[in-house]
Amino acid sequence: MNTLLKTLLLSLTLALSANAADHIIDQKGKTFVPSSITVKVGDTITFKNSDAFAHNAYTDDEANEFDTGMQSSSTNKTVTVKEAGTFSIECAIHPNMLLEVTAE
């Protein structure tokens, strides 16, 4: 790959990451707060566990699939939104926890 192309790709990557936002989702009272968000591709979602017990956040959405694993109290886990679409995030430990995500 020539130097000009490498420089352009690096510049584009830096520009996209500079514009990315971090969305904080609190896990509190066995709920995701807020329960729905709209994000952009490249944004991050940080799951903050404010409860005294463990949580887990995951989605089976093929384009944005992730699983934070067991998340202890007072810890944060961050994921990056990879593709546009609408998907749900659940907690494997507390099945009533649901977060609806719209990625643009």
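One residue stands out among those in the stretch 54-72 that are of a type in the set (A, V, I, L, M) and closer than 18 Å to THR44 by Cβ: the one that is modelled with the highest pLDDT, which is ALA57. Residues that are in a strand (DSSP E or B) and of a type outside the set (Lys, Arg) within the stretch 69-80 comprise GLN71, ASN76, THR78, VAL79, THR80, listed in sequence order.
Residues of the stretch 62-89 that are of a type in the set (A, V, I, L, M) and out of contact with any Leu (no Cβ under 9 Å at 6 or more places or on another chain): ALA63, MET70, VAL79, VAL81, ALA84. When the stretch 51-94 is filtered for residues that are within 14 Å of ASP26 (Cβ to Cβ) and of a type in the set (Lys, Arg), only LYS77 remains.
Residues GLU83, GLU100: which one is outside any loop (DSSP other than H, G, I, E, B), at pLDDT 95 or above and exposed (fewer than 15 other Cβ atoms within 10 Å of the Cβ)? From the options GLU83, GLU100, the qualifying one is GLU100.
The values are calculated or read from the model by the stated rules, or taken from the named source; none is laboratory data. Just so you know, these numbers come straight off a predicted model, no measurement behind them. Glycine gets a Cβ as well: all are built from the backbone with ideal geometry, and neighbour counts include every protein chain shown.
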